[in-house]
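Note sheet for the following structure.
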Amino acid sequence: MCVPSLARTRQRRYDRRHTACADRMTVMAASTEVEEVLRVTPVFRKLSPQDLRTIAQAATLRRYEKGQVIFEQDTPSDAFYTIASGRVKIFKMLASGKDLILEVFGTGDPLGAVAAYDGRPFPASAVALEDTACVVIPRPTFFRLLEDHPSLVRGLMLGLTIRLVELTNRMAELSGSRIEPRFARLFLKLAGEMGRAERGGTFIPLALSRQELADMTGTTIETAIRIMSRWSKEETVRTEKDGFVLLDRGTLEATAQL
């Protein structure tokens, strides 16, 4: 019979204590990171430090690479998502098999809040347009937050109401307006949300393929290619590897009114 030496026994005890301590430190570090993200996220930043700490202990910070699916249309909504960094496109698959991009969301925007609240499957899909991090709160915890923090409810409802109005206006535009003015309004909207003065115009730091532009404006990729090619030659909008540069805002504003 082999009897473990006292030294080996002590070593195993030390290893178990060391592993447990390391695990606790990892959890604490993750919780602290989530708390820091929550503190600067518009939906949560007005909560007390203790409430932020409580949420951070229940939430997780998930990271997604560019092109990675965050959630898919018609799958169960088991959590509430808030974008901590990056950009996400929300799109719906139509009966024709085409994708329609409904919106592009950025830092601080909630994802899937209505589905999480109502317990319904996600009505659309979400995919990271760039490397993205999301704070993810399980649905039961999300409900407790709403019950305990009326101000959080008001903030979410205000944000969701604005989104509903935007979506209603967008669907009306896609069903009735001409295609080129849709492109102009899209670029003016993106410029207003994230544009910055550089590169000889207004730079939009969001790389979108011609197919994605077509999906966002409800048209075909051939039409998107034709419009963007002409705008490039006319020095209205220049496509770059990491985004777009608006060179002639006046022409876009005039086109948007057609």
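Key figures for this structure:
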{"quantity": "Theoretical gain in end-to-end length, Asp131 to Arg178 [0.36 nm per residue, Cα-Cα removed]", "calculated": "13.6 nm"}
{"quantity": "Inter-label distance for Glu147 and Asp51, nm, one decimal - labels placed 7 Å from Cα along Cα-to-Cβ", "calculated": "1.6 nm"}
{"quantity": "Efficiency of FRET from Cβ geometry, Lys66 and Glu234, R₀ 41 Å, rounded to 0.05", "calculated": "0.85"}
{"quantity": "Contour minus Cα-Cα distance for Arg154 and Glu253 (0.36 nm per residue)", "calculated": "32.2 nm"}
{"quantity": "Difference of contour (0.36 nm per residue) and Cα-Cα distance, Met93 to Ile225", "calculated": "45.4 nm"}
{"quantity": "Highest-first arrangement of 183-193, 58-68, where packing means the average Cβ count within 10 Å", "calculated": "183-193, 58-68"}
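Laboratory data are not the source of any read-out in this text; all were calculated from the coordinates shown. Predicted model, so just to flag it, every value in this text is computed and none were measured. Using ideal geometry, Cβ is built from the backbone for each residue, glycine included, and neighbour counts are taken over all protein chains shown.
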